[in-house]
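Q: Before I ask anything, let me first share the structure, which is written out below as structure tokens.
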Amino acid sequence: VFRLAAGLYVPTAFTPNGNGLNDVFRPIALGIRSLQYFRVYNRWGELVYETSEIGKGWDGNYKGRDQGTSAFVWQALATDFTGKRIFKKGSVVLIK
């Protein structure tokens, strides 16, 4: 049996074009009890999205405006079911 370790798995690109496939950027939380935060920043360091709800994600809009093709950075802090804190960070490309 193949098992993934508890953690946050985050894609490196997404395509919010309304086709129902890969439209929302969010971490896949396996074995996670709580998400303290999931944050996305633009190239100027401006926070464009934040949530603490598992399963919620960013649709590529900021202040009501489509962000278009660009690179963003993200960071997340979560706690697994054993109480271990998991911090991850990385980048994502929004493709239009």
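The values are calculated or read from the model by the stated rules, or taken from the named source; none is laboratory data. Computed from a prediction, not measured in an experiment: that's the story for all the values here. These accessible areas exclude ligands, DNA and RNA; they are computed on the full protein's heavy atoms, side chains included. Shrake-Rupley method; radii C 1.70, N 1.55, O 1.52, S 1.80 Å.
Q: State the percentage of accessible surface on region 23-96 attributable to carbon and sulfur atoms; use a 1.4 Å probe and exclude ligands, DNA and RNA.
A: The nonpolar share, carbon plus sulfur, comes to 50 percent.
Q: If the cut-off is 16 Å between C-alpha atoms, which aspartates and glutamates fall inside it for K96, apart from same-chain ones fewer than 8 positions away?
A: D23, D59, D66
Q: Relative contact order for the chain using alpha-carbon pairs under 8 Å, separation at least 6, rounded to a whole percent?
A: Dividing the mean separation by the residue count of the chain yields 31 percent.
Q: Can you give me the accessible area per residue for the chain, using a 1.4 Å probe, in Å²?
A: So the chain comes to 63 Å² accessible per residue, rounded to a whole number.
Q: While we're here: What ranking of K56, K88 comes out by heavy-atom accessible area, probe 1.4 Å, highest first?
A: Order by accessible area, largest first: K56, K88.
Q: Can you give the Kirkwood hydrodynamic radius of the chain from its Cα pairs, in Å with one decimal?
A: It is 13.8 Å.
Q: Checking the cross-link filter: which lysines have an alpha carbon closer than 28 Å to that of K84, excluding same-chain neighbours under 8 positions apart?
A: Result set, ordered by chain and number: K56.
Q: Long-range amide H contacts for Y62: which residues qualify at under 5 Å (H placed 1.01 Å from N, peptide plane, sequence gap of 5 or more or a different chain)?
A: When sequence neighbours closer than 5 places are left aside, the close amide H contacts are Q67.
Q: Still on this structure, I have one more. Which cross-chain or sequence-distant (5 or more) residues have an amide H under 5 Å from the amide H of V10, H modelled 1.01 Å from N in plane?
A: For V10, whose amide H was placed from the backbone, the distant partners under 5 Å are I28.
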